[in-house]
1. Tally time: how many residues in region 100-132 are touching a strand residue (DSSP E or B) at 6+ places or on another chain (Cβ under 7 Å), at negative phi and part of a loop (DSSP other than H, G, I, E, B)?
2. Restricting to region 45-66, what's the tally of residues that are crowded, with 18+ Cβ neighbours inside 10 Å and within 13 Å of the chain's Cα centre (by Cα)?
3. Got at least one residue in region 87-99 being under 29 Å from residue 54 (Cβ atoms), in contact with a strand residue (DSSP E or B) (Cβ under 9 Å, 6 or more places away or on another chain) and not in a strand (DSSP E or B)?
4. When you go through (1) modelled with pLDDT under 80; (2) surrounded by 15 or more Cβ atoms within 10 Å (Cβ to Cβ); (3) in a helix (DSSP H, G or I) one by one for residue 30, which number turns out not to apply?
5. Look at region 55-66 and say how many of its residues are in contact (Cβ under 8 Å) with a residue 24 or more places away in the chain and either assigned to a helix (DSSP H, G or I) or out of contact with any strand residue (DSSP E or B) (no Cβ under 6 Å at 6 or more places or on another chain) (or both).
6. Within region 67-121, which residues are touching a residue at least 40 places away in the same chain (Cβ under 8 Å), surrounded by fewer than 17 Cβ atoms within 10 Å (Cβ to Cβ) and closer than 30 Å to residue 42 by Cα?
7. Going by what's in this entry, would residue 140 be described as out of contact with any helix residue (DSSP H, G or I) (no Cβ under 9 Å at 6 or more places or on another chain), under 30 Å from residue 27 (Cβ atoms) and without any contact (Cβ under 8 Å) to a residue 12 or more places away in the chain?
């Protein structure tokens, strides 16, 4: 998991940026996932078509000079995706459910990129079910903030 920068740093950088250059101003310094500063929450709410209150837990990161945001939720993972083809939780599930045609997310974790099943007591990754961006995050959970 990437470290989280203090929101104060992102806020200070945002204060120096002209309104139209949010990503260009923040991204040279914002290398990791950080809490979204309050001044960006309105733009995040608009980008995700959600109420302002829902944007308060958002995080931001940069992809080049693009400022990206994610709003975590019950099944919305803002962390890095897990591309492993062997998962201890899935293996344990299959020991008790040797021919299950699915493995629940509480056993695989919410970050896996595969559908999983059991075959003869072994966890088997199926097809990839999510798209991962170039930095290893779930692409569909992140949107550009302008």
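1. Total satisfying the criteria: 8.
2. Total satisfying the criteria: 5.
3. From region 87-99, those under 29 Å from residue 54 (Cβ atoms) are none; that's our starting set.
Checked region 87-99: no residue is under 29 Å from residue 54 (Cβ atoms), in contact with a strand residue (DSSP E or B) (Cβ under 9 Å, 6 or more places away or on another chain) and not in a strand (DSSP E or B).
4. So residue 30 meets the others, but not (3).
5. Counting residues in region 55-66 that are in contact (Cβ under 8 Å) with a residue 24 or more places away in the chain and either assigned to a helix (DSSP H, G or I) or out of contact with any strand residue (DSSP E or B) (no Cβ under 6 Å at 6 or more places or on another chain) (or both) gives 4.
6. Within region 67-121, 76, 80 qualify.
7. Here the answer is yes, as residue 140 does meet what is asked.
The values are calculated or read from the model by the stated rules, or taken from the named source; none is laboratory data. Computed from a predicted structure; not experimentally measured. As a convention, Cβ positions derive from the backbone with ideal geometry for all residues, glycine included, and neighbour counts pool all protein chains shown.
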